[in-house]
Amino acid sequence: MKVNQISAELSSDILAASDLVHDQSISESERGKKLNALKSSILEKIDAENDATSFAGRTYLEQIQKVITNEEWAKLPPPTTVKNELLAMRSLVAVLTSFEDDRSPMMEAIQRLLTEALLKHLNSLSDAEVLSLSKQWGAAEIQFQKEKASAEAERQSSLMTAGIGIGTAGLSLLAKAVVTKVSNDKFKQAAPSEKEKTDLTGAMGEQSKAEFNLNTVSKEMSEIDDELAKTRKDISKLQEGITKNEFTGPERVSKQTELNEKNLALNDLQKRRDDLTPSYERLKTDYEIAAKVTERERAKVDGKNAEASKSVQEFRALLDMSDSSMSVIQNIGKVISVYLFDSKASDEKIESEKFGYLVSFFASALQNTQKSQGQAGDGLATIRSSCDATIQGADSSITYAIKA
């Protein structure tokens, strides 16, 4: 399983679009031109890369594609959020790729070790069969000694198998405890602190307050601008009527008086407009500073959240690999038990029986040797199955991490 990263070119284009959407220093027409220029490039790259990325990457690209296709630019996250999202996905893919690269060599080494041990065991069994034929005329008085030795070897094999099972269970519990403790510590270290959360909340509050004050003054200035435009229009209409002598007698005097009043009102509105300009500029500066502080604090919290999420996925993958590894170790113990004790027990039993009846000896020798060889083959099959299960378990853990 190979998971590709979102390309640097596509990441750069998405980030550039986010910068344009949230850049308040450019005009709407200029922003529209630049966004239209980026739109086709981003959509083409998403179509080319979507199928090769991780599940999280495809979901993220589909969301971006929908926003850009519908030109719902306001839904595009701010640049800092985009950077953190891309960084989180890149970090996750890097971790999964590392698991993928490290797993196969380890499994191959285990399989090679077990295969060599079983081949030695099979050679030992073959030697035992030849030995049983060569010693068929041994002394009958050692028959009972061989039976006793066989029973002792079987007892040791049973004790070793039981001990391996108990030891493996203890190791599994210890491994899980260690993994849980380390992962919990990493999660606490990675998660945002209460101070950072409080700082972000406070910064957002200051930004909202600054935005409200700025909007209030902006609205007042807009209303004055509307009144200025209306007053200028009225003045222009009156001046045009007076110039063209459309009014006569008292009406002309009345219109002249109205014109004078409109001019006074215009001067008053202009003065009010000029007086508001410094306040507007100051509030605009306050809002921009508050927005930058909020963006900085949000970047801290988002980065910590991404790191904490990564530690959770690593924890789940390590637990799955720990379970699979304990299963492999337990089966290794079974093969070693067969190699060290069961083979010896079979040899001793053959030695004890051959002195009783030659015919029975030959039949028993063949039967017990074939039985041991079958056990060795079953052990090899069990180990291979466990290794395959470990690989599948690792694949499932990595796939689960990607989907999460």
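Every number here is computed from the coordinates shown, using simple stated rules; none is lab data. What you are looking at is a predicted structure, and each value in this text was computed from that prediction instead of being measured. Please note: Cβ atoms are built from the backbone with ideal geometry, for glycine as well, and neighbour counts cover all protein chains shown.
Only Lys, Arg, Asp and Glu count, each charged at its Cβ (+1, +1, -1, -1), so figure out the dipole size of the stretch 195-249 about its Cα centre, rounded to 20 debye. Don't jump to the answer; show the numbers that get you there.
Numbers: 9 positive and 12 negative charges, 17 e Å.
Using Cβ point charges on Lys, Arg, Asp and Glu, the stretch 195-249 gives about 80 debye.
Note down the net charge around S360, summing +1 for each Lys or Arg and -1 for each Asp or Glu among other residues with Cβ under 10 Å from its Cβ. Please report the intermediate quantities before stating the final value.
Values: positive: K354; negative: E353.
Computed value for this residue: 0.
Simple rule: put +1 on each Lys or Arg Cβ and -1 on each Asp or Glu Cβ in the stretch 185-305, find the dipole, and look at Q207, L264, A229; the Cα lying farthest toward the positive end is Q207.
Restricting the calculation to Cα atoms, every distinct pair contributes to the Kirkwood radius of the stretch 194-306, found to be 17.6 Å. Past 29 Å, Cα to Cα: identify those pairs from K75/K230; K34/K233; K34/K75; K34/K230; K75/K219, in the order given. Violating the 29 Å Cα-Cα cut-off are K75/K230; K34/K233; K34/K230.
When you filter the trypsin sites (Lys or Arg not before Pro) in the stretch 201-244 for DSSP loop state and at most 13 other Cβ atoms inside 10 Å of their Cβ, you are left with K244. By the rule of a C-alpha distance below 17 Å, with chain neighbours fewer than 8 residues away ignored, the aspartates and glutamates paired with K244 are D234, E258. Loop only by DSSP, 11 or fewer other Cβ within 10 Å of the Cβ. Give me the trypsin sites (Lys or Arg not before Pro) in the stretch 2-56 that pass, ordered by residue number. For trypsin sites (Lys or Arg not before Pro) across the stretch 2-56 that sit outside H, G, I, E and B with at most 11 neighbouring Cβ atoms in 10 Å, the list reads K2.
Using the Kirkwood radius built from alpha carbon pairs, what does the Stokes-Einstein equation give as D for the stretch 1-77 at 20 °C and 1.002 mPa s, in µm² per second?
166 µm²/s
Neighbouring Cβ atoms within 10 Å as the yardstick, rank L276, L173 fewest first. Intermediate values should be presented prior to the final figure.
Numbers: L276 16, L173 11.
Least crowded to most crowded, the residues run L173, L276.
The GluC sites (Glu not before Pro) of the stretch 229-326 meeting both criteria, a DSSP state outside H, G, I, E and B (loop) and at most 15 other C-beta atoms within 10 angstrom of the site's C-beta, are E246.
Estimated at 0.36 nm per residue, the fully extended path between D378 and Q145 surpasses their Cα-Cα distance by 80.8 nm. The lysines whose alpha-carbon is closer than 24 Å to the alpha-carbon of K349, local same-chain residues fewer than 8 away aside, are K120, K135, K146, K148, K334, K371. Going from the fewest other Cβ atoms within 10 Å to the most, the residues T248, T80, T277, T53 appear in the order T248, T277, T80, T53.
What do you get for Rg/Rh over the stretch 144-225 if you use C-alpha atoms and the Kirkwood form of Rh? Write out the running numbers ahead of the final one.
Details: Rg = 35.0 Å, Rh = 19.9 Å.
On the Cα set of the stretch 144-225, Rg over Rh gives 1.76.
Ranked for footprinting exposure by Cβ neighbours inside 10 Å, fewest first, L283, L319 give L319, L283.
I want the local charge near S254. Using Cβ-Cβ distances under 15 Å, sum +1 for each Lys or Arg and -1 for each Asp or Glu among the other residues. Don't skip to the end; give the middle numbers.
Numbers: positive: K237, R252, K255, K262; negative: D234, E246, E251, E258, E261.
Net of charged neighbours comes to -1.
For the stretch 229-236, the Karplus equation 6.51 cos²θ - 1.76 cosθ + 1.60, evaluated at θ = phi - 60°, returns couplings of 4, 5, 5, 4, 5, 5, 4, 4 Hz by residue, with Gly and Pro reported as x.
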